[in-house]
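Read the structure below first, then the notes.
The values are calculated or read from the model by the stated rules, or taken from the named source; none is laboratory data. Predicted model only: the values in this text are computed from it and were never measured. Counting neighbours? That spans all protein chains shown, and the Cβs are built from the backbone with ideal geometry, glycine included. SASA here: full protein model, heavy atoms, side chains in, ligands and nucleic acids out. Shrake-Rupley method; radii C 1.70, N 1.55, O 1.52, S 1.80 Å.
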Amino acid sequence: MKCPLCKDKELLPARSREDRKEADALKCVYCAAMFQMDETNHLRRMVIAPAMTHTAALVGAGLKTSHKPAKPAAPKSVKRKINDHDKSEIFKRLVMGEKCVSIAVAVGCKPQAVNNYKFTHKAAIAAAQKALKNPGTKVDEKAGSPKKVVHSKAGKLQKQVGENTDAASYTFQERLAIIAEVKAGGADRLNIVSKKYGLTRGQLRGYLARESYYRQVAVSGEKIVKSARQHRAFVLHQVRNLDKVPVTKIRAILVDYLKLLEEDLTPAQQAVQSVEAEISRVDAAIKEFDTRAADVVKTFKGGLGHE
């Protein structure tokens, strides 16, 4: 059945009221008019009172309304970057545990700028929060690590290695000295050294595991070692994905990979020689034991024969 108003639009079943469970009328989707069938089977348009709007409700209650639209508030100037004065204020607020959004509103910058500053200085913020609990620590906003200091007679600040509780603040030479001190002791040396330098047993085990890296850094420098490691990772990645590498670069990558294998061969040969020496030592001990055991058996049998 088509709509009498739109002529060519179909009428669809609909409910005249929301509280009805079944469709009792027909509605035109195009003009939104609703119709019902009367006793003579003719379409009669239904007159539905419009719902009271919020403005009509205010008028009915006797309140004055303004039909003028409200003017939008002027946008506040929001800074994309933060200056040095804002940085110090943001740092203090982050140390006190304030959220980045509230800090951005107070300073007048974007929340993303505060988030970036928090991520960049997270070590300094964590160190400052620890310093609030331990008043004897000095916090450097740029360095980002607390350092216990004592005043010398000349008025200069000197770092005390034995009193430092931050494992990351020790230099590589100091870490090597700590490792040598651990290896020089007995079974309980790990506990003694950890208490002496304010480290945990896990941190000392990490020192021992990275001893070779510390020696490389002490000899060549940290930047050279890091660049060498990055180069190694790049070459290994290229070798694993050799089918995606251009043909003109394959030979150079294989040459670099050969150099890496030769570098790994030297410590592997030393390890093999160490294991072979240990095997020969244990084999000699077993042979000596077997020889002595045979002598003991002969002596024992000889004693039984005399009886």
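Counting only residues that are at pLDDT 85 or above and open to solvent by less than 100 Å² (accessible area, probe 1.4 Å), the stretch 243-259 holds 9 of them.
Selection of the stretch 167-216 for residues being of a type in the set (D, E, K, R), within 28 Å of T266 (Cβ to Cβ) and assigned to a loop (DSSP other than H, G, I, E, B) yields only R210.
Only one entry of P69, P75, P50 meets the criterion of being under 30 Å from K27 (Cβ atoms), at pLDDT below 80 and open to solvent by 80 Å² or more (accessible area, probe 1.4 Å), and that entry is P50. Applying the condition of being of a type in the set (V, I, T) and closer than 28 Å to V235 by Cβ to the stretch 260-295 and asking which residue is modelled with the highest pLDDT yields V272. All conditions in (1) at pLDDT below 80; (2) more than 28 Å from V193 (Cβ to Cβ) hold for V235, with the sole exception of (1).
When only residues in the stretch 185-205 that are open to solvent by less than 90 Å² (accessible area, probe 1.4 Å) and of a type in the set (G, A, S) count, which is modelled with the lowest pLDDT? Outline the logic, then answer.
Applying the first criterion (open to solvent by less than 90 Å² (accessible area, probe 1.4 Å)) to the stretch 185-205 yields 185-186, 188-194, 197-200, 202-204.
With the extra rule that they be of a type in the set (G, A, S), the set shrinks to 185-186, 194, 198, 202.
Working: G185: 72, G186: 68, S194: 83, G198: 85, G202: 86.
If we take residues in the stretch 185-205 being open to solvent by less than 90 Å² (accessible area, probe 1.4 Å) and of a type in the set (G, A, S), then G186 is modelled with the lowest pLDDT.
When you look at T248, is it over 30 Å from V182 (Cα atoms) and of a type in the set (S, T, Y), yes or no? It is true that T248 is over 30 Å from V182 (Cα atoms) and of a type in the set (S, T, Y). One residue stands out in the stretch 215-242 among those that are surrounded by 12 or more Cβ atoms within 10 Å (Cβ to Cβ) and among the β-branched types (V, I, T): the one that is nearest to L176 (Cα to Cα), namely V217. Only one entry in V255, V272, V247, V239 is aliphatic (A, V, I, L, M) and in contact with a helix residue (DSSP H, G or I) (Cβ under 6 Å, 6 or more places away or on another chain), namely V239. Looking across the stretch 32-45 at every residue that is within 16 Å of C3 (Cβ to Cβ), at pLDDT below 80 and part of a loop (DSSP other than H, G, I, E, B), the one that is most open to solvent (accessible area, probe 1.4 Å) is identified as H42. Note on the stretch 116-153: residues that are modelled with pLDDT of 80 or more, open to solvent by less than 70 Å² (accessible area, probe 1.4 Å) and not aromatic (F, W, Y) amount to 8.
From the list L258, L199, the lone residue that is of a type outside the set (S, T, N, Q), within 30 Å of S169 (Cβ to Cβ) and out of contact with any Gly (no Cβ under 9 Å at 6 or more places or on another chain) is L199.
Summed over the stretch 83-115, residues that are in a helix (DSSP H, G or I), of a type in the set (S, T, N, Q) and open to solvent by less than 80 Å² (accessible area, probe 1.4 Å) total 3.
Annotation note: Cβ proximity below 9 Å between a residue of the stretch 237-254 that is among the aliphatic types (A, V, I, L, M) and a residue that is assigned to a helix (DSSP H, G or I) and open to solvent by 60 Å² or more (accessible area, probe 1.4 Å) (sequence gap 6+ or interchain) occurs for V239/L254; V239/Y257; L242/L254. Candidates V239, V225: the one that is part of a helix (DSSP H, G or I) and in contact with a Phe, Trp or Tyr (Cβ under 6 Å, 6 or more places away or on another chain) is V239.
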